[in-house]
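**Q** Once you've had a glance at the structure underneath, I'll fire off some questions.
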């Protein structure tokens, strides 16, 4: 049975702005997947659905989990604030499906349900700032090179677009909004109106009007959308308004129009139109300035400044200049330059160690790593007795061959299973080594929802700290003691729960295979093993127990 993916944009977050189709799809779904904050915003619409929520930057894992659930025949809702097709999850869902060879005819069904994007919700609160041509630009350079974002801002500034800036600033990204302001001040007056909207239609909504020159004096963050007006945008009675240009041919103060309907589209009444006749043929002796004055007479009548009116009417000239730049960029030669400038570089990354039990690199092995890394590669030592190699190459085969010939053990990096064994007292206490190597062979490098470390100690001293890993094994008196669910970092870090003693060695490998298999198949994306163990309560008959919390008193100095 084929499942179905609903990719839902639920708007700004308030219930009254969620469409009926979005509500129905959420109600119809068996699984709801989304960023934790977004799940909280729609919690009032949830009933008995299974909820999978993950943190920021986990978009890929959410998309992959949604596809997996749908392929199991379930109806899955993937939620995004605003519109799912505007910096949301819709494109990523399709990308993941395409990577798996999906075809609409025989694959899972996909329905993208539109929502109100931030540019629309924020514009409504500000007045009517996007009545004319507008664009959206995200200032987040996590996925897009800043050089490319800067070029887009520059082009939009030249073309006099109203601009909505998404993701304008965060705790780490503070320079981007400053750079954006600097670029736009090359083309626009510092007095250009700017609207700053935080949490539109949510509990902590805040709407502010300012100018391009002063916008950095205001609080701007990740929940903020910044709308920057064009040359004709003005503020009246607390409303930000961008005229469409009706004043050029219409009299706004009278029902009776000077130009009749059949006259309004004549070339002589559209001197700015591309297909109009040359100005000297239309009105000999009349300068473009005089045409502008005539076309915008109503602006002057309404008290608008003449220079503001002129800047509005000469926008097409700036658009023409920008269009010429775009045309040049679109030429074959320029297109090649742009493509090469932003071509992504392929980096091969792997973890290297001298072996499961061995912790000693030979000089020849160190030389082999330095040789394959070369001048452009990167070598990083980790606390886990591994070295991470990052080498620019699209063909890693010669590299991996050379490293393996040097006797090195290679492992993938990321959300995989890693076997961390002690050195077994330089091999003197060797009884548990075969089991450690077998676990590495069967489980090492397997993809899991979040990186999972299996620590192995060869004696009861447990000096290597296996009990502090998500899964810990201590070989003692001919058997293995098993510890599950350690939390290795944080103020409430703790060792694993001791769940069994003296497990026969021949049983330990298949037991851990079953534990890892269940974690891999049932854990949420990005869910740590200790959280998964606590959530499910029992794995292979081993029951989760809360670790006694230790109260940490604040230091006298307050640090």
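The values are calculated or read from the model by the stated rules, or taken from the named source; none is laboratory data. Keep in mind it's a predicted model, so treat the numbers as computed, not measured. Here the Cβ is made from the backbone with ideal geometry for all residues, glycine too, and neighbour counts use every protein chain on show.
**Q** Quick check: anything in segment 165-185 at pLDDT 95 or above, out of contact with any helix residue (DSSP H, G or I) (no Cβ under 8 Å at 6 or more places or on another chain) and more than 20 Å from residue 83 (Cβ to Cβ)?
**A** yes
**Q** Within segment 307-385, considering only helices (runs of 4 or more DSSP H) that don't extend past its boundaries, which have at least 3 residues that are touching a strand residue (DSSP E or B) at 6+ places or on another chain (Cβ under 7 Å) and either at pLDDT 90 or above or surrounded by 13 or more Cβ atoms within 10 Å (Cβ to Cβ) (or both)?
**A** 363-373
**Q** Let me ask something additional. State whether one or more residues within segment 396-413 are part of a loop (DSSP other than H, G, I, E, B) and within 24 Å of residue 511 (Cα to Cα).
**A** yes
**Q** How many of the residues making up segment 213-231 are under 29 Å from residue 115 (Cα atoms) and touching a residue at least 24 places away in the same chain (Cβ under 8 Å)?
**A** So the answer is 12.
**Q** Let me ask something additional. Considering segment 378-414 alone, what residues qualify as being without any contact (Cβ under 8 Å) to a residue 40 or more places away in the chain and under 22 Å from residue 452 (Cβ atoms)?
**A** 380, 381, 382, 383, 385, 386, 387, 388, 414
**Q** Just to verify a result, which residue in segment 10-28, among those that are part of a loop (DSSP other than H, G, I, E, B) and either free of Cβ contacts under 8 Å to residues at least 24 places away in the same chain or within 24 Å of the chain's Cα centre (by Cα) (or both), is surrounded by the fewest Cβ atoms within 10 Å (Cβ to Cβ)?
**A** Ranking the candidates gives 14 first.
**Q** Conditions first: (1) under 29 Å from residue 455 (Cβ atoms); (2) touching a helix residue (DSSP H, G or I) at 6+ places or on another chain (Cβ under 9 Å). Residue 371 passes all but one, so which condition is the exception?
**A** Single failed check for residue 371: (1).
**Q** Still on this structure, please answer the following. So which of 7, 39 is part of a helix (DSSP H, G or I), surrounded by 14 or more Cβ atoms within 10 Å (Cβ to Cβ) and touching a strand residue (DSSP E or B) at 6+ places or on another chain (Cβ under 8 Å)?
**A** Values: 7 fails: part of a helix (DSSP H, G or I).
39 is the lone residue from the list that is part of a helix (DSSP H, G or I), surrounded by 14 or more Cβ atoms within 10 Å (Cβ to Cβ) and touching a strand residue (DSSP E or B) at 6+ places or on another chain (Cβ under 8 Å).
**Q** Considering each of 207, 226, 235, 194 in turn, give the residue that is crowded, with 18+ Cβ neighbours inside 10 Å and in contact with a helix residue (DSSP H, G or I) (Cβ under 6 Å, 6 or more places away or on another chain).
**A** The unique qualifying residue is 194.
**Q** Something else now. Scanning segment 145-188 for residues that are free of Cβ contacts under 8 Å to residues at least 24 places away in the same chain and in a loop (DSSP other than H, G, I, E, B), which turns out nearest to residue 222 (Cα to Cα)?
**A** So, considering only residues that are free of Cβ contacts under 8 Å to residues at least 24 places away in the same chain and in a loop (DSSP other than H, G, I, E, B), the one nearest to residue 222 (Cα to Cα) is 171.
**Q** Now a separate question. Could you tell me which of the residues 67, 96, 76 is assigned to a helix (DSSP H, G or I), farther than 28 Å from residue 170 by Cα, touching a residue at least 24 places away in the same chain (Cβ under 8 Å) and in contact with a helix residue (DSSP H, G or I) (Cβ under 9 Å, 6 or more places away or on another chain)?
**A** Result of the check over 67, 96, 76: 67.
**Q** Which of the residues belonging to segment 200-212 are free of Cβ contacts under 8 Å to residues at least 40 places away in the same chain and farther than 20 Å from residue 237 by Cα?
**A** Within segment 200-212, 203, 204 meet the criteria.
**Q** Filter segment 42-55 for residues that are free of Cβ contacts under 8 Å to residues at least 24 places away in the same chain, more than 19 Å from residue 522 (Cβ to Cβ) and touching a helix residue (DSSP H, G or I) at 6+ places or on another chain (Cβ under 8 Å); which is surrounded by the most Cβ atoms within 10 Å (Cβ to Cβ)? I'd like the intermediate steps shown before the answer.
**A** Taking segment 42-55 and keeping what is free of Cβ contacts under 8 Å to residues at least 24 places away in the same chain, we get 43, 46-48, 50-51.
When the remaining residues are screened for being more than 19 Å from residue 522 (Cβ to Cβ), the result is 43, 46-47.
Filter again for touching a helix residue (DSSP H, G or I) at 6+ places or on another chain (Cβ under 8 Å), leaving 46-47.
On the way: 46: 15, 47: 7.
Residue satisfying both the conditions and the ranking: 46.
**Q** I need the full set of residues from segment 416-426 which are more than 17 Å from residue 458 (Cα to Cα) and either free of Cβ contacts under 8 Å to residues at least 24 places away in the same chain or in contact with a helix residue (DSSP H, G or I) (Cβ under 8 Å, 6 or more places away or on another chain) (or both), in order please.
**A** 417, the sole residue that qualifies.
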